[in-house]
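The values are calculated or read from the model by the stated rules, or taken from the named source; none is laboratory data. Keep in mind that what you see is a predicted model, and the values were worked out from it rather than measured. We place every Cβ from the backbone using ideal geometry, glycine too, and count neighbours over all the protein chains shown. Areas reflect the complete protein model, heavy atoms only, side chains present, ligands, DNA and RNA absent. Shrake-Rupley method; radii C 1.70, N 1.55, O 1.52, S 1.80 Å.
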Amino acid sequence: MRNYSKQGVAYWLEMSILPLRDKNGVVTHFAAIERDVTESKERELELDEMSRHDALSDLLNRRAFDQLLEDAFAKFQDTGEVFSVLAIDIDHFKSVNDQYGHHCGDQAICKVAEICKKVFNTSGSVGRTGGEEFSILIPNKDASGAALMAEHLRRNIEAASVITEKGAIRITTSIGVSEVVISDTKPLDLMLRADKALYTAKHNGRNQVREFEPETSICDLA
């Protein structure tokens, strides 16, 4: 348990409480054994937090983002609270790696992560879910509202420069948008629609935001 000293300082306490009985088996007292485990507990929490974040970008990793998505989907099923997701891809990322090197590619990933965190500071949760792929969960927003935020993000990334030892690099992103709907049976349904919208954006020239359109299929983009 988390406890507080008289000075208001928090610490972690491991406590065992044992009943003491008389000769007839009646509980007469309780004995408490306490042990301060603050150091080990804080280390455990630190390791848990590290396991949830991507080492390069300091965003949520795929596992943590998927759990967040599961929680939001469960809440939608219970309360009907809508949410949307963005699927984001850095355009021509392989060319960045090939032309400037993987270290500069890493710097581009960090720059996109930095802008995503700034734009969605309190309004969404950002994860790095692939090499140059990012996902954002936006609570209380339908697809139209999420698309407006996505366009703001796209413009910010387009206007930024990635400063590397090989000079300034300009990058763009393609973004797909989808909102949760009542017919969804699992969170993957929502993410697949966002991915399809992302593929549409890339197929139609990149550096743009696209909402999912039901008539668009993966086969159309081949």
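Scan segment 27-78 residue by residue and report those that are more than 30 Å from D142 (Cβ to Cβ), outside any helix (DSSP H, G or I) and open to solvent by less than 80 Å² (accessible area, probe 1.4 Å).
V27, T28, A31, A32, V37, L56
Just one of V177, V181, V119 is modelled with pLDDT of 95 or more, surrounded by fewer than 21 Cβ atoms within 10 Å (Cβ to Cβ) and either among the acidic types (D, E) or farther than 30 Å from G101 by Cβ (or both); which is it?
Being modelled with pLDDT of 95 or more, surrounded by fewer than 21 Cβ atoms within 10 Å (Cβ to Cβ) and either among the acidic types (D, E) or farther than 30 Å from G101 by Cβ (or both) holds for just one of V177, V181, V119, which is V181.
Considering only segment 79-100, state which residues are open to solvent by 20 Å² or more (accessible area, probe 1.4 Å) and in contact with a Ser or Thr (Cβ under 9 Å, 6 or more places away or on another chain).
Scanning segment 79-100 gives H92, Y100.
How many residues are assigned to a loop (DSSP other than H, G, I, E, B) and of a type in the set (K, R) when one looks only at segment 177-211?
2
Take the conditions free of Cβ contacts under 8 Å to residues at least 60 places away in the same chain, of a type outside the set (V, I, T) and open to solvent by 10 Å² or more (accessible area, probe 1.4 Å) and apply them to A113. Does it pass?
Answer is no for this residue.
Restricting segment 192-205 to residues that are over 12 Å from I88 (Cβ atoms) and of a type in the set (K, R), which is least open to solvent (accessible area, probe 1.4 Å)?
Among them, the one singled out is R193.
Listed residues D71, D78, D36, D91; which is charged (D, E, K, R) and under 28 Å from E158 (Cβ atoms)?
After ruling out the rest, the residue left standing is D91.
Counting only residues that are farther than 29 Å from G80 by Cβ and touching a strand residue (DSSP E or B) at 6+ places or on another chain (Cβ under 7 Å), which one in segment 134-167 is most open to solvent (accessible area, probe 1.4 Å)?
If we take residues in segment 134-167 being farther than 29 Å from G80 by Cβ and touching a strand residue (DSSP E or B) at 6+ places or on another chain (Cβ under 7 Å), then S161 is most open to solvent (accessible area, probe 1.4 Å).
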